[in-house]
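Student: Below is a structure I'd like to ask you about.
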Amino acid sequence: MQAQKITLSEEAAKINEALMQRVECFISESGGSIDFQQFMQMALYTPGLGYYQNSISKFGESGDFITAPEMGDLFAYGLANSIASLPADAREQILEFGAGTGALAVSLLGHLQELKALPKKYLILEPSGQLQSQQKEVISRVLADVPVCVEWLSELPNKFKGTILGNEVVDAIPCQRIRKSENGWIAQHVGIEEKRLCWKAGASLSSEHLPPALTAEVAIADGYESEIRPLVEPWIKSLAQSMESGVLLLIDYGYPQVEYYHPQRNQGTLRCFSRHLSHSQPLELVGLQDITAHVDFSQLARIAVANGLEVIGFTSQAGFLLENGILQRAETMSELLDDKARYQLSREIQQLTAPGQMGEVMKVIAFSKKDLATMCGFNLQDQLHRL
């Protein structure tokens with residue numbers, strides 16, 4: 001599917017032109033092509049120009065996509081119940097990666113206050129200056145009466161004790177695009193032909209750079225395409241080193257490895273989002289569309305365990321939220337709502353939990369350090385055995 005044709009604003013056109021010049025220059029300096037991971041890094045994170053670094057609206061109805069916290073209050077309610085089930089020292093601080101509009105922080109802290117489980121500090125690690133400003137405005141306005149210290153960080157803290165939270169963070173870590181050829185696996189590169197970005201064949205990949213599912217005795221046809229995420233390993237390692245004790249909770253689109261690299265998933269999971277439509281053309285609208293790929297949760301678990309963390313839960317988003325009482329919460333809320341609001345609430349539940357929506361493809365995985373007890377949300381649909 002091609003990226004839809006859209007009319008660019010003057011600001012968007014300038015951002016796209018400036019970023020394309022940088023990409024083209026880097027490709028030229030690199031001998032005619034760069035690997036896809038380098039391209040994705042530039043497209044998403046070039047200061048002032050990349051998708052997550054520029055000033056163009058991304059979230060909500062006026063943006064490109066809506067995340068679970070922005071659909072309503074139920075996602076944060078379920079998450080708050082789960083965090084409140086932890087021992088006090090494991091929720092003494094909460095650190096959120098990439099807080100978006102600030103919607104999750106606002107709702108989560110509100111519910112934790114209701115549950116008498118507020119952290120002493122709520123820390124936000126946000127690389128986008130524009131989003132950080134938006135978060136500060138929303139949080140200072142909405143949470144004026146909530147007695148918690150909210151701080152913004154530029155890097156991971158040392159000896160962190162508490163809960164680290166990442167909602168739809170791993171899928172935005174740049175990935176390598178790979179392809180099976182008659183001579184083995186190759187990295188897909190990005191080059192330029194006739195003044196347009198195009199795919200090019202890159203270097204061959206040895207088995208040590210591939211996930212076990214692709215090096216096992218599995219029939220993978222030539223032309224099979226997928227993704228690998230080498231940058232996840234140093235990221236997880238840095239989190240494990242930062243944590244003295246507590247929980248790491250990650251929520252994202254993805255599969256266990258055997259499903260991620262299933263022979264029939266021959267086009268991989270790479271997707272782009274622009275104006276609430278998805279397509280598979282990452283080389284278009286550079287800097288103006290989100291680029292994402294699903295998460296290999298087996299990879300996360302393998303790296304985490306190798307770095308001293310313990311996997312304490314893995315489940316679907318539906319199982320996690322249902323066990324944490326979102327249906328009961330919705331029933332209580334509906335008694336105070338009119339028909340239109342009840343319909344919206346019903347729609348929110350469907351989007352969060354239905355198999356054809358976020359319910360099954362979104363997964364929740366939890367890791368702990370220092371032999372912490374399990375947390376609520378992983379028993380109703382326990383999927384640890386699938387890792």
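The values are calculated or read from the model by the stated rules, or taken from the named source; none is laboratory data. What you see is a predicted model, and the numbers here were worked out from it, not measured in a lab. Don't worry about glycine lacking a Cβ; one is built from the backbone with ideal geometry, like all the others, and counts go over all protein chains shown.
Student: List the residue pairs whose Cβ atoms are under 7 Å apart, where the first residue sits in segment 291-309 and is among the aromatic types (F, W, Y), the second is assigned to a helix (DSSP H, G or I) and crowded, with 22+ Cβ neighbours inside 10 Å, and the two are 6 or more positions apart or on different chains.
Tutor: Qualifying pairs under 7 Å: none.
Student: Can you run down the residue pairs with Cβ atoms below 6 Å, 6 or more apart or on separate chains, where the first is in segment 322-348 and surrounded by fewer than 16 Cβ atoms within 10 Å (Cβ to Cβ) and the partner is of a type in the set (D, E, K, R)?
Tutor: S334/R342
Student: Hey, can you tell me all the residues within segment 146-200 that are over 26 Å from T292 (Cα atoms) and in contact with a helix residue (DSSP H, G or I) (Cβ under 9 Å, 6 or more places away or on another chain)?
Tutor: Answer for segment 146-200, where residues must be over 26 Å from T292 (Cα atoms) and in contact with a helix residue (DSSP H, G or I) (Cβ under 9 Å, 6 or more places away or on another chain): V146, P147, V148, V150, P157, N158, K159, F160, K161, G162.
Student: With the structure loaded, tell me whether P230 is farther than 23 Å from A366 by Cβ, under 25 Å from the mean Cα position of the chain (by Cα), at pLDDT 95 or above and surrounded by fewer than 17 Cβ atoms within 10 Å (Cβ to Cβ) or whether it fails that test.
Tutor: Judged against the criteria, P230 is a match.
Student: Show me the strands (runs of 3 or more DSSP E) found entirely inside segment 143-249 where at least 1 residues are closer than 24 Å to A88 by Cβ.
Tutor: Those strands (runs of 3 or more DSSP E) span 149-153, 160-167.
Student: Also: Answer yes or no as to whether Q264 is surrounded by fewer than 16 Cβ atoms within 10 Å (Cβ to Cβ), out of contact with any strand residue (DSSP E or B) (no Cβ under 7 Å at 6 or more places or on another chain) and farther than 17 Å from G359 by Cβ.
Tutor: Yes: the conditions hold for Q264.
Student: Filtering segment 78-104 down to residues that are outside any helix (DSSP H, G or I) and of a type in the set (A, V, I, L, M), which residue is surrounded by the fewest Cβ atoms within 10 Å (Cβ to Cβ)?
Tutor: Among those that are outside any helix (DSSP H, G or I) and of a type in the set (A, V, I, L, M), it is L86.
Student: Of E70, E17, E24, which residue is at pLDDT below 95, surrounded by fewer than 18 Cβ atoms within 10 Å (Cβ to Cβ) and assigned to a helix (DSSP H, G or I)? Let's see the steps before the verdict.
Tutor: Working: E17 fails: at pLDDT below 95; E24 fails: at pLDDT below 95.
Going through E70, E17, E24 in turn, just one is at pLDDT below 95, surrounded by fewer than 18 Cβ atoms within 10 Å (Cβ to Cβ) and assigned to a helix (DSSP H, G or I): E70.
Student: Restricting attention to segment 100-154, report how many residues are of a type outside the set (G, A, S) and on the phi > 0 side of the Ramachandran plot.
Tutor: 1
Student: Checking V258 against (1) surrounded by 14 or more Cβ atoms within 10 Å (Cβ to Cβ); (2) in a loop (DSSP other than H, G, I, E, B), only one condition comes out false. Which one?
Tutor: (2)
Student: Quick one: in segment 212-253, of everything that is hydroxyl-bearing (S, T, Y) and touching a residue at least 12 places away in the same chain (Cβ under 8 Å), which residue is nearest to A76 (Cα to Cα)?
Tutor: Y253
Student: What single numbered condition from (1) modelled with pLDDT under 90; (2) out of contact with any Asp or Glu (no Cβ under 6 Å at 6 or more places or on another chain) fails to hold for G31?
Tutor: Condition (1) is where G31 drops out.
Student: Confirm whether L131 is aliphatic (A, V, I, L, M) and either more than 30 Å from K14 (Cα to Cα) or buried (at least 22 other Cβ atoms within 10 Å of the Cβ) (or both).
Tutor: For L131, the condition - aliphatic (A, V, I, L, M) and either more than 30 Å from K14 (Cα to Cα) or buried (at least 22 other Cβ atoms within 10 Å of the Cβ) (or both) - is not met.
Student: Also, quick follow-up: Residues in segment 137-149: is at least one in contact (Cβ under 8 Å) with a residue 24 or more places away in the chain, crowded, with 23+ Cβ neighbours inside 10 Å and not small (G, A, S)?
Tutor: No, because not a single residue in segment 137-149 is in contact (Cβ under 8 Å) with a residue 24 or more places away in the chain, crowded, with 23+ Cβ neighbours inside 10 Å and not small (G, A, S).
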